[in-house]
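The values are calculated or read from the model by the stated rules, or taken from the named source; none is laboratory data. What you are looking at is a predicted structure, and each value in this text was computed from that prediction instead of being measured. Note that each Cβ is placed from the backbone with ideal geometry, even for glycine, and that neighbours are counted across all protein chains shown.
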Amino acid sequence: MADLKTLWGEIRPQLTRDIDRAALIDEKLSEMFAAFDAGDKERGRDAAWLMYNLKVKELR
């Protein structure tokens, strides 16, 4: 998960147009990490699926 945090930390500052979606991803990443750390796999997966369905490859 540290790799994901590092990668998002590099990508996030480059986003200029989809700031609202990036903020949602920030929130869901935090939620996902907290859920997995707490052993709540279902909540962690739900957060991951939400981000996946945001089509993050299209962020600008």
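Observations, loosely collected:
- Qualifying residue in the stretch 42-51 (condition: in a loop (DSSP other than H, G, I, E, B), surrounded by 10 or more Cβ atoms within 10 Å (Cβ to Cβ), of a type in the set (D, E, K, R) and modelled with pLDDT of 90 or more): no
- Annotation: of all residues in the stretch 1-39 being surrounded by fewer than 15 Cβ atoms within 10 Å (Cβ to Cβ) and among the charged types (D, E, K, R), the one that is farthest from K57 (Cα to Cα) is D37.
- For the residues D26, D37, the requirement of being without any contact (Cβ under 8 Å) to a residue 24 or more places away in the chain and within 10 Å of the chain's Cα centre (by Cα) singles out D26.
- Residue list for the stretch 19-46, filter: aliphatic (A, V, I, L, M) and in contact with a Gly (Cβ under 9 Å, 6 or more places away or on another chain): M32, A34, A35, A38
- Candidates E10, E42, filtered to the one that is of a type in the set (D, E) and touching a helix residue (DSSP H, G or I) at 6+ places or on another chain (Cβ under 9 Å): E42
- Of the residues making up the stretch 12-23, those that are in a helix (DSSP H, G or I) and in contact (Cβ under 8 Å) with a residue 12 or more places away in the chain number 3.
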